[in-house]
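J.: One structure coming up, written as structure tokens, with questions to follow.
The values are calculated or read from the model by the stated rules, or taken from the named source; none is laboratory data. These numbers come from a predicted model, not from an experiment. Cβ placement follows ideal geometry from the backbone for every residue including glycine, while neighbour counts extend to all protein chains displayed. With ligands, DNA and RNA removed, areas are computed over all heavy atoms of the protein, side chains included. Shrake-Rupley method; radii C 1.70, N 1.55, O 1.52, S 1.80 Å.
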Amino acid sequence: MKTVVEAKRIKKVYGAKGNMFTALDEIDLTIVEGEFVGIMGPSGAGKSTLLNVLATIDQPTSGDIVIDGISILNMNEERLSRFRRDNLGFLFQDYNLLDTLTVKENIILPLALAKVNIKELEQRVNEIADTFGIRPILEKYPYQISGGQKQRTAASRAIISNPSLLLADEPTGALDSKSATDLLESLKGLNEQRKATVLMVTHDAFAASYCKRVLFIKDGKIFTELVKGNVSRKEFFNKVLDVLAVLGGGTNDVI
Ligand SMILES: Nc1ncnc2c1ncn2[C@@H]1O[C@H](COP(=O)(O)OP(=O)(O)OP(=O)(O)O)[C@@H](O)[C@H]1O
Ligand SMILES: [Mg+2]
């Protein structure tokens, strides 16, 4: 199986002498193609820092990160932005859609510079819109659709270029439970049917129960990991809750 992410001894230290804080403390992480990995842990544990370092948004203080066989450290800005565009998809809590573009235009935006022919493009947009259940709203503008539909539009945009890795930070954070479930079901479909590789940070045990593996982070270190295996989503949900009871950082802690 193809390795998508190989991260070794990642360390991230913020601040300067006398006022240093270690947000990531020697984290090792391997993700293979087709995985759906969740990251959980208390507020301040280092989840977003880890995601941002893997996303090439932030640089680790030390360690090695290889994504898609390419070492992502020490690249100049131009190579980095090309790498992001060609290899990664991003999904954040706030949808970041452009208000002056339709849903469809927002989705195809990442391909605007690529040489894809119109027919192929139409077909691809329709396929993805079906996966995320947003085909009927393709011609609408962001202000005309719900939060859940916005997030499914953002997810469609994130994967239109077929990234090797989809990185999501609290993608259900701003959604009501029905919209969250719709998004998670779509991500699950994307993962199972198209073998998309997904890494998702979440506070929500329900969201985490859609993952095939969940890493729990505490104080910048990997505390433990759960693998779903053959148990039902409900059973996995209960296992996630059990770990959170020990670790803290579940939804109940935050509210
Ligand atoms: N730019 C920064 N400068 C200094 N410290 C930072 C910076 N960014 C994050 N930190 C610290 O690093 C730690 C990890 O932050 P991070 O955002 O990764 O946490 P998190 O697990 O995503 O938390 P949350 O669940 O609240 O989103 C926190 O203690 C935070 O205060
Ligand atoms: Mg965070």
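J.: Scanning the range 55-74 for residues that are open to solvent by less than 20 Å² (accessible area, probe 1.4 Å) and modelled with pLDDT under 95, which turns out nearest to LEU184 (Cα to Cα)?
T.: Looking at residues that are open to solvent by less than 20 Å² (accessible area, probe 1.4 Å) and modelled with pLDDT under 95, I get ALA55.
J.: May I pose another question? How about the range 116-146: which of its residues are without any contact (Cβ under 8 Å) to a residue 40 or more places away in the chain, in contact with a Ser or Thr (Cβ under 9 Å, 6 or more places away or on another chain) and assigned to a helix (DSSP H, G or I)?
T.: Residues satisfying the conditions are VAL125, ILE128, ALA129, ILE137.
J.: Restricting to the range 165-185, give me the number of residues that are crowded, with 20+ Cβ neighbours inside 10 Å, of a type in the set (Ser, Thr, Tyr) and away from ligand 2 (no atom under 16 Å from the Cβ).
T.: The qualifying residues number 0.
J.: For the range 117-143, which residues satisfy the criterion of being of a type in the set (S, T, N, Q) and open to solvent by 90 Å² or more (accessible area, probe 1.4 Å)?
T.: GLN123
J.: Here's another thing I want to ask about it. Quick test for you: out of PHE236, PHE206, pick the one residue that is open to solvent by 10 Å² or more (accessible area, probe 1.4 Å), of a type in the set (Phe, Trp, Tyr), out of contact with any strand residue (DSSP E or B) (no Cβ under 7 Å at 6 or more places or on another chain) and in a helix (DSSP H, G or I).
T.: One residue alone meets the criteria, PHE206.
J.: Could you please find all residues in the range 22-54 being of a type in the set (S, T, N, Q), away from ligand 1 (no atom under 16 Å from the Cβ) and open to solvent by less than 40 Å² (accessible area, probe 1.4 Å)? Before you say what the answer is, go through the steps one by one.
T.: As a first pass, look at the range 22-54 and keep what is of a type in the set (S, T, N, Q): 22, 30, 43, 48-49, 52.
Pick out the ones that are also away from ligand 1 (no atom under 16 Å from the Cβ) and you get 30.
Result: no residue meets the conditions.
J.: Any chance you could count how many residues in the range 92-115 are in a loop (DSSP other than H, G, I, E, B), of a type in the set (Val, Ile, Thr) and open to solvent by less than 50 Å² (accessible area, probe 1.4 Å)?
T.: Keep residues of the range 92-115 that are in a loop (DSSP other than H, G, I, E, B), which gives 92-102, 112-115.
From what is left, the residues that are of a type in the set (Val, Ile, Thr) are 100, 102.
Retained after the next criterion (residues that are open to solvent by less than 50 Å² (accessible area, probe 1.4 Å)): 102.
Number satisfying all stated conditions: 1.
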